[in-house]
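The values are calculated or read from the model by the stated rules, or taken from the named source; none is laboratory data. Being a predicted model, the structure only gives us computed values, none of them experimental. As a convention, Cβ positions derive from the backbone with ideal geometry for all residues, glycine included, and neighbour counts pool all protein chains shown. Side chains included, ligands, DNA and RNA excluded: accessible areas come from the protein's heavy atoms. Shrake-Rupley method; radii C 1.70, N 1.55, O 1.52, S 1.80 Å.
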Amino acid sequence: MTAQILALIIFLAMFVLIILEVWDRHLITLGCGLLTLVLVFGLGMRSMSAVWETLNVKSIFTTAFWYAAGESSEASSGINWQTIIFIAGMMIMVEGMARVGFFRWLCMRLAKLVKYQVIPIFMTFMVLSFVLAMFIDSITVILFLAAVTIELSKLLEFNPVPMILSEIFCANLGGSATMCGDPPNIIIGTSLGFTFMDFIKNTGLIAVIALVVVVIYFYFIFHKELEKNGAAKKDPSQYPDPAEAITSKGGFIASSVIFLCAVVLLVTHAQTGLTVSTIGVCIAAATLIAAGKEGPGLLKKIDYQTLLFFIGLFVVVGGLEQTGVLKILAGIIEKVSGGNIALMIAIIVIVSAVASAFIDNIPFAATMIPVITNLAATTPGIDITVLSWALAMGTDIGGSATPIGASANVVGIATAAKEGHIIKWGKYCKAMAPATVIVIAVSLVMIYVRYL
């Protein structure tokens, strides 16, 4: 009981401190993780085995960590090193692509294809945001898309805010479609042994249908505002040449090939047996080799704070798992739902969405994985895969509802603010909250129709 109380207090304190932004979030989770090791496992449980299980270092030295031979890995408690290594590898690849101008070239090329007409650019960039976020971190997607959108808004004389808002939402939606698109999905996939294609066939299908609805929604609420532009007044010769965005032709070709290889490896990893950690290491190594002398610079640009944030977070959640707190939470959900799978799915989707609108969806997803595992183990007729898709859609989409719900939202708003385009809570929520509700409704209907 003492250990459970300590674990819960540390977990709640971590959440409050993250929301209040008292310190950098990686310092908060690392500090709370250390308290978990000392107070919960040391004083409360007096168990060194709980410490080692939570640190989970031994998993790195197993064959299954690097090569799964087509078998699904079992859910493990503690630090998910597969997630850490894979995200680090993708960070290096993305920095390599950015260095040679890949993202700016792609945006400018698409704008040129639609002849720099604002409404077609608006529609195209929504789809582009969705597709890129399926494979690349949504923060990076929005960083480049928002910057290019603002650049085009000056050239074509339109208000970039509607376009940036729609890009943010579509990036978060695109992230829900694949295993590598959003951190919660990476955690769910690596923890429960799902493959890239598992996500494509399940959350991917939901996300694509939702995208069609969302594009129509944003068109209707923003098209009048975007039609008030000066694009027709501009001389086509004033438009920038997409080729000017490329800083190194050789590096551009190499980055494109590496990106395509990453996609192929992720799509086929269930057949090849290569785990996401192996893919992350291979992609990072290829990027560093292609970068040559610029390689050390790419290593410096890795977001080490995010990786440390994950490590501390996994330790704190491990405290809840080792002390049995998460089993109690699973029991409460089971009791409230009365074992009714339809009601259980609704609870998971809605609670995940509401929570993710106000708190970081990464710790929430990491907390809920052991909960749905316990639900599936103790409730007859409950399939953990269905609960996993419900959790993924709820956490990925819910964050779009408010300016603080997801990191991509914060980045997009900050990028716009630097150029004098202030997006306040009222403006943001008026457009994004209804879109979130629509997609959550679509997700629930799709899950009910397909799985029940």
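Taken together, the residues in the range 374-424 that are open to solvent by 10 Å² or more (accessible area, probe 1.4 Å), touching a Leu at 6+ places or on another chain (Cβ under 8 Å) and part of a loop (DSSP other than H, G, I, E, B) amount to 2.
Return yes when residue 212 is under 30 Å from residue 389 (Cβ atoms), among the aliphatic types (A, V, I, L, M), within 27 Å of the chain's Cα centre (by Cα) and open to solvent by 30 Å² or more (accessible area, probe 1.4 Å) and no when it is not. Judged against the criteria, residue 212 is a match. Quick test of your reading of the structure: residue 124 fulfils all but one of (1) assigned to a helix (DSSP H, G or I); (2) in contact (Cβ under 8 Å) with a residue 24 or more places away in the chain. Name the failing condition by number. If we test residue 124 against (1) assigned to a helix (DSSP H, G or I); (2) in contact (Cβ under 8 Å) with a residue 24 or more places away in the chain, just (2) comes out false. Residue 136 meets the conditions (1) over 13 Å from the mean Cα position of the chain (by Cα); (2) outside any helix (DSSP H, G or I); (3) of a type in the set (Val, Ile, Thr) in every case but one. The failed one is (1).
What number of residues in the range 276-318 are in contact with a Phe, Trp or Tyr (Cβ under 6 Å, 6 or more places away or on another chain) and farther than 14 Å from residue 91 by Cα? Quick ask: steps written out before the conclusion?
Kept after step one, since they are in contact with a Phe, Trp or Tyr (Cβ under 6 Å, 6 or more places away or on another chain), are these residues of the range 276-318: 276-278, 280, 316.
This time we only want the ones that are farther than 14 Å from residue 91 by Cα, so: 278, 316.
Total meeting the criteria: 2.
Looking across the range 18-43, the residues that are at negative phi, under 27 Å from the mean Cα position of the chain (by Cα) and open to solvent by 40 Å² or more (accessible area, probe 1.4 Å) come down to 19, 20, 22, 23, 24, 25, 27, 30, 34.
Residue count for the range 120-131, restricted to those that are surrounded by 23 or more Cβ atoms within 10 Å (Cβ to Cβ), hydrophobic (A, V, I, L, M, F, W, C) and under 11 Å from residue 173 (Cα atoms): 2. A single member of 332, 347, 341 is of a type outside the set (D, E, K, R), in contact with an Asp or Glu (Cβ under 9 Å, 6 or more places away or on another chain) and open to solvent by 20 Å² or more (accessible area, probe 1.4 Å), and it is 341.
Would a scan of the range 49-64 turn up a residue that is hydroxyl-bearing (Ser, Thr, Tyr), touching a helix residue (DSSP H, G or I) at 6+ places or on another chain (Cβ under 7 Å), within 27 Å of residue 278 (Cβ to Cβ) and surrounded by fewer than 19 Cβ atoms within 10 Å (Cβ to Cβ)? There is at least one residue in the range 49-64 that is hydroxyl-bearing (Ser, Thr, Tyr), touching a helix residue (DSSP H, G or I) at 6+ places or on another chain (Cβ under 7 Å), within 27 Å of residue 278 (Cβ to Cβ) and surrounded by fewer than 19 Cβ atoms within 10 Å (Cβ to Cβ). The residue pairs whose first member lies in the range 277-301 and is free of Cβ contacts under 8 Å to residues at least 12 places away in the same chain, whose second member is assigned to a helix (DSSP H, G or I), and whose beta carbons are closer than 6 Å, counting only pairs six or more residues apart or on different chains, are 295/288. Residue pairs whose Cβ atoms lie under 8 Å apart, sitting 6 or more positions apart in sequence or on different chains, and linking a residue in the range 252-267 that is open to solvent by less than 30 Å² (accessible area, probe 1.4 Å) to a partner that is among the polar types (S, T, N, Q), are 255/287; 258/287; 266/178. Scanning for something of a type in the set (D, E, K, R), more than 30 Å from residue 256 (Cα to Cα) and assigned to a helix (DSSP H, G or I), does the range 37-53 turn up at least one residue? Checking the range 37-53: at least one residue is of a type in the set (D, E, K, R), more than 30 Å from residue 256 (Cα to Cα) and assigned to a helix (DSSP H, G or I).
Answer yes if at least one residue in the range 322-344 is closer than 28 Å to residue 87 by Cβ and outside any helix (DSSP H, G or I), and no otherwise.
Taking every residue of the range 322-344 in turn, at least one turns out to be closer than 28 Å to residue 87 by Cβ and outside any helix (DSSP H, G or I).
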